[in-house]
Amino acid sequence: MSKILMWGAGAIGGSIGAYLKRAGHDVTFVDIAAEHVAAINDPGRGLRVSTSGEEFALSAPAFLPGELTGQWRYACLAVKGQHTEAAATALRAHLAKDGCVVSLQNGLLAPVVERALGGQRTLAASVNVAADMLGPGHICLGAKGTLMIGEFSGGVSERARELAQILRDFDPTIEATADIWSYVWGKLGFALMLTAQALGQRPIIECFQEPELLPLWRALGTEIAALAAAQGIRPHAFDGYDPDAFSIHVPEAVTLASIEAMVRFLRTSTKTHSGIWRDLAVHRRRTEIHHQLGPLLELGVRHQIPCTTIRRLIDAIADIEEGRCQQTDDNLITLVRRQDVRDAVLNSSWGNDGH
């Protein structure tokens, strides 16, 4: 059994940490929500995880960041994107001399951790786990999807294998990979679609099955493929999502086949709406997409790749965050019908070969 520091005890960190704790690992949680920390510490309450097949609760040591003492060899970072830099900086003092951190986060957040801690202390991950934090001490785990980890600089190290072995007590399919960035960029494409769902109210599956939204999925896929290619990366398929199928340059039947596969996977989950949607509709708070997806726009400028659809999507989320518009399904249709979005993709010089 291993000693693990779980920095961030929300939907992802709480789910994974609870399973590891139940399996006998020595798990310590850190979170900025005092009420949540108190619940996890309480022997009569603890951290409760609800799934479609079971429910269990357990108490564990949990701390606010300023209260923590001690050092760990392995730490998992699972905080919201906007808290990444501060969390990684605070975590530095709690890493053993040979310690490392795996960023269990979506988007391009592992580079933020690497800048704070250095490549020798940073591992990246691609996480497709459907979970929601329902309240202090209570997490609903909708489904376990693909979770891969790897060295920030590539390759498969002994520590990556060891950490993957530990995490298999959450899900036995977790693996270490030498190609982690292909998985990260694959998840980025899917994350863009989940972000678009958050503009409205319809469930994820209904959005994917809406014929009028098909051009939006293909436009987002075309742009993310171009950005990945500029980095020398080919996004990896997972859980029904095939990045190669979401392009304006493949037959629509290919895209629809991947959507059908995604829907089959999504039907195994009790989670109907994205975490971004929940931030806006339930918690009424700013989302993390500006930190998760904002770097895509910077890459677009660097490589002279138009990212009109991605930019419009991020701007539309910002409009909801700032109260300039409501969270309605018309927002997705408006995004699809924008002439400048369609023209940017259809007339792009990089579209035919992914550059």
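The values are calculated or read from the model by the stated rules, or taken from the named source; none is laboratory data. Please read all numbers here as calculations on a predicted model, not as lab measurements. Glycine also receives a Cβ, built like all others from the backbone with ideal geometry; neighbour counts cover every protein chain displayed.
Would you confirm whether or not region 50-66 contains a residue that is over 22 Å from residue 15 (Cβ atoms), small (Gly, Ala, Ser) and in contact with a Leu (Cβ under 9 Å, 6 or more places away or on another chain)?
The answer is no, given that none of the residues of region 50-66 is over 22 Å from residue 15 (Cβ atoms), small (Gly, Ala, Ser) and in contact with a Leu (Cβ under 9 Å, 6 or more places away or on another chain).
Tell me which of these residue 52 doesn't satisfy, since it passes every other one: (1) more than 24 Å from the chain's Cα centre (by Cα); (2) of a type in the set (S, T, N, Q); (3) modelled with pLDDT under 95.
Condition not satisfied by residue 52: (1).
For region 248-268, give me each residue that is surrounded by fewer than 19 Cβ atoms within 10 Å (Cβ to Cβ) and of a type outside the set (A, V, I, L, M).
Answer for region 248-268, where residues must be surrounded by fewer than 19 Cβ atoms within 10 Å (Cβ to Cβ) and of a type outside the set (A, V, I, L, M): 249, 251, 252, 260, 264, 265, 267, 268.
Quick one: in region 39-56, which of the residues that are of a type in the set (Gly, Ala, Ser) and touching a residue at least 24 places away in the same chain (Cβ under 8 Å) is farthest from residue 142 (Cα to Cα)?
Out of the qualifying residues, it is 39.
Mind listing whichever residues of region 126-148 are more than 13 Å from the chain's Cα centre (by Cα), surrounded by fewer than 22 Cβ atoms within 10 Å (Cβ to Cβ) and either farther than 18 Å from residue 53 by Cα or at pLDDT below 95 (or both)?
Of everything in region 126-148, those that are more than 13 Å from the chain's Cα centre (by Cα), surrounded by fewer than 22 Cβ atoms within 10 Å (Cβ to Cβ) and either farther than 18 Å from residue 53 by Cα or at pLDDT below 95 (or both) turn out to be 135, 136.
Of the residues that sit in region 240-273 and are hydroxyl-bearing (Ser, Thr, Tyr) and in contact with a strand residue (DSSP E or B) (Cβ under 9 Å, 6 or more places away or on another chain), which one is farthest from residue 128 (Cα to Cα)?
Result: 258.
Report, by residue number, each residue of region 95-133 that is assigned to a helix (DSSP H, G or I) and not β-branched (Val, Ile, Thr).
Scanning region 95-133 gives 110, 111, 114, 115, 116, 117, 119, 120, 121.
Hey, residue 160 hits all of (1) assigned by TED's automatic domain parsing to the domain that holds residue 329; (2) part of a helix (DSSP H, G or I) but one; which does it fall short on?
Just one mismatch for residue 160, condition (1).
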